[in-house]
Amino acid sequence: MKRKNTTLVVLVSMILTFMFVACSGKSPADIEMSMWKQVQKGNYEDAMEILVKNSMRSEDDTPEKQREVVTMFAEKVKASCEEKGGIKDIKLLEESISEDGNTALVTLEITYKNGSTKEERSKYKKVDGDWKIDMSK
């Protein structure tokens, strides 16, 4: 009986360790979904903070300049969502990570309360081990 308990403890420990390691870093899809979930809730400032925190910065990009761009983006998203009655559902269609593991593309399907849908695609790059939204065109 004691051996079964020891085996169970070891198995549970291994599963918890795997879950901790697997969930320790956010994937591009995790970042994208968390941002859009905040938009869905009407928490546009929280969505903007997620975007700012997880966006790439160029060498000539000041925090003020980045916030200005993100604020304009957030205002457009807010106006679009409100025009369509808000977001009804968010579905992850694809998270495609390149073979070298340094770039990714996330595709979501946003369903609005007025029945319309839109695909949102976001590019990501890995910077110092973290995924960052690549807002460059």
Give the ranking of 87, 50 by solvent-accessible surface, highest area first, calculated with a 1.4 Å probe.
-> 50, 87
With the Cα gyration tensor of the range 60-137 giving a ≥ b ≥ c as the square roots of its eigenvalues, does the rule (a/c under 1.5 for rounded; else a/b larger than b/c for prolate; else oblate) give rounded, prolate or oblate?
-> oblate
Nearest-0.05 FRET efficiency for residue 107 and residue 75, computed from C-beta distance (R0 22 Å) | 0.40
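The values are calculated or read from the model by the stated rules, or taken from the named source; none is laboratory data. Given the structure is predicted, the values throughout are model-derived calculations rather than measurements. Don't worry about glycine lacking a Cβ; one is built from the backbone with ideal geometry, like all the others, and counts go over all protein chains shown. Ligands, DNA and RNA are excluded from the accessible area calculation, which covers all protein heavy atoms including side chains. Shrake-Rupley method; radii C 1.70, N 1.55, O 1.52, S 1.80 Å.
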